[in-house]
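**Q** Take a look at this one; I'll ask things after.
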């Protein structure tokens, strides 16, 4: 709605990095006054809720420097420039887990932190998994440890705060909903 | 798990702002090699899934400069320094919607973007709503438009990408799950 819009008066690039860029913007508020906005630009990402033939969820444990701890997440990764999200999902699934999938379905897409960042995550459901021979490797600065969890185990991990991020909590709740609807 | 840990060799503050700060860190990877991490520090936030006595969800439409558009979200706001999340939830509910609530229950907490930010969002369920006289006002740079949606309307908004952020999509799916479980 246009009566809520904030017009950019000035946009200054503070930092441009490997993953994110930071802009400081002067904006005109709807009431004509001015304010500043701090904006992070991010290339976007995919995440993959991959279900094995034994009905387990594939998770990766990973050290997250921003949190100074490891957490357990569904596999995920950043979009490369111009990369189609579904292809990125197949690539990241292979790199992080060694699996390829027969079926891949977009469940949802969401902005993670709309108050300050334009990062969007596309969450896919992957089924029909098989181990790929000579699977592509992780990026050289990525280290992950694989786990396969039942839904009950994943819910336990949420209570223990081992699973602790938005995309993974969304994905586990999605499976709970499917189970409750009897559509598993 | 310690074998995944990345040790900080150097941390440089690139920017310190009103909402976020940016650090560039040199880290030692588990294999002894070095890499760089770009880290955003954020004070954390709360979000409130507020259900009216008519069983509608209170939403706020807000222009998000990072996205250059408005989206429809559950009420939310940043933690002030040292502020207890439940008190912050009551304050933000009052400021953004004019409502106070009888009951407030923590549903979950999640990191929004663990790959680059330490932002955590605590999501509360608020019930027993009543309009408060002389409710506290919004921050002077905040402009929102209120809506009350049924669950069906909220699901429609997700399909239309009017609802498009992690906390709100989580909250709507939470209500779907409660309905499916017959615990509404």
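**Q** I'd like the residue in the stretch B:54-66 that is within 22 Å of residue A:35 (Cα to Cα) and in contact (Cβ under 8 Å) with a residue 24 or more places away in the chain and, out of all such residues, is nearest to the other protein chains (Cβ to nearest Cβ).
**A** In the first step, residues of the stretch B:54-66 are kept if they are within 22 Å of residue A:35 (Cα to Cα); the result is B:60-66.
Subsequent filtering for residues that are in contact (Cβ under 8 Å) with a residue 24 or more places away in the chain retains B:60-63.
Numbers: B:60: 10, B:61: 6, B:62: 7, B:63: 4 Å.
The selected residue is B:63.
Yes/no per residue for (1) within 14 Å of the chain's Cα centre (by Cα); (2) assigned to a loop (DSSP other than H, G, I, E, B):
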{"position": "B:104", "(1), (2)": "no, no"}
{"position": "B:121", "(1), (2)": "yes, no"}
{"position": "B:127", "(1), (2)": "no, no"}
{"position": "B:140", "(1), (2)": "no, yes"}
{"position": "B:147", "(1), (2)": "no, no"}
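Rundown of residues vs (1) more than 24 Å from residue B:35 (Cα to Cα); (2) surrounded by fewer than 18 Cβ atoms within 10 Å (Cβ to Cβ); (3) more than 7 Å from chain B (Cβ to nearest Cβ), yes/no style:
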{"residue": "A:52", "(1), (2), (3)": "yes, yes, yes"}
{"residue": "A:75", "(1), (2), (3)": "no, no, yes"}
{"residue": "A:81", "(1), (2), (3)": "no, yes, yes"}
{"residue": "A:96", "(1), (2), (3)": "no, no, yes"}
{"residue": "A:114", "(1), (2), (3)": "yes, no, no"}
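**Q** On to the next question. I'm trying to understand the selection: among the residues of the stretch A:1-23, which are touching a strand residue (DSSP E or B) at 6+ places or on another chain (Cβ under 6 Å), surrounded by fewer than 18 Cβ atoms within 10 Å (Cβ to Cβ) and facing chain B (nearest Cβ under 7 Å)?
**A** A:1, A:4, A:5, A:14, A:15, A:17, A:19
**Q** Just to be sure before I move on: is residue A:36 surrounded by fewer than 19 Cβ atoms within 10 Å (Cβ to Cβ), within 26 Å of residue B:8 (Cα to Cα) and within 13 Å of another protein chain (Cβ to nearest Cβ) in the structure I sent?
**A** Details: surrounded by fewer than 19 Cβ atoms within 10 Å (Cβ to Cβ): yes; within 26 Å of residue B:8 (Cα to Cα): no; within 13 Å of another protein chain (Cβ to nearest Cβ): yes.
Criteria not met by residue A:36.
**Q** Look through the stretch A:129-145, keep the residues that are touching a strand residue (DSSP E or B) at 6+ places or on another chain (Cβ under 6 Å) and touching a residue at least 40 places away in the same chain (Cβ under 8 Å), and return whichever of them is farthest from residue A:84 (Cα to Cα).
**A** Checking each candidate, the answer is A:145.
**Q** Here is a follow-up. Quick check on the stretch B:24-33: of everything there that is facing chain A (nearest Cβ under 8 Å), over 27 Å from the mean Cα position of the chain (by Cα) and touching a residue at least 12 places away in the same chain (Cβ under 8 Å), which residue is nearest to residue A:146 (Cα to Cα)? Outline the logic, then answer.
**A** Just the residues of the stretch B:24-33 that are facing chain A (nearest Cβ under 8 Å), to begin with: B:24-25, B:27, B:29-31, B:33.
Remaining after also requiring over 27 Å from the mean Cα position of the chain (by Cα): B:27, B:29-31, B:33.
Among the residues that remain, those that are also touching a residue at least 12 places away in the same chain (Cβ under 8 Å) are: B:27, B:29-30.
Working: B:27: 23, B:29: 18, B:30: 16 Å.
This residue is B:30.
**Q** If the Cβ limit is 7 Å and pairs must be 6+ apart or interchain, which residue in the stretch A:155-184 that is under 17 Å from residue B:179 (Cβ atoms) pairs with which residue that is modelled with pLDDT under 95 and in a loop (DSSP other than H, G, I, E, B)?
**A** Listed pairs, sorted by first residue: A:178/A:184.
Okay, residues lined up against (1) more than 13 Å from the chain's Cα centre (by Cα); (2) in a strand (DSSP E or B):
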{"position": "B:11", "(1), (2)": "yes, yes"}
{"position": "B:18", "(1), (2)": "yes, no"}
{"position": "B:38", "(1), (2)": "yes, yes"}
{"position": "B:43", "(1), (2)": "no, no"}
{"position": "B:49", "(1), (2)": "no, yes"}
{"position": "B:66", "(1), (2)": "yes, no"}
{"position": "B:70", "(1), (2)": "yes, yes"}
{"position": "B:82", "(1), (2)": "yes, no"}
{"position": "B:95", "(1), (2)": "yes, no"}
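The values are calculated or read from the model by the stated rules, or taken from the named source; none is laboratory data. Please read these numbers as outputs of a predicted model, since none were measured by experiment. Please note: Cβ atoms are built from the backbone with ideal geometry, for glycine as well, and neighbour counts cover all protein chains shown.
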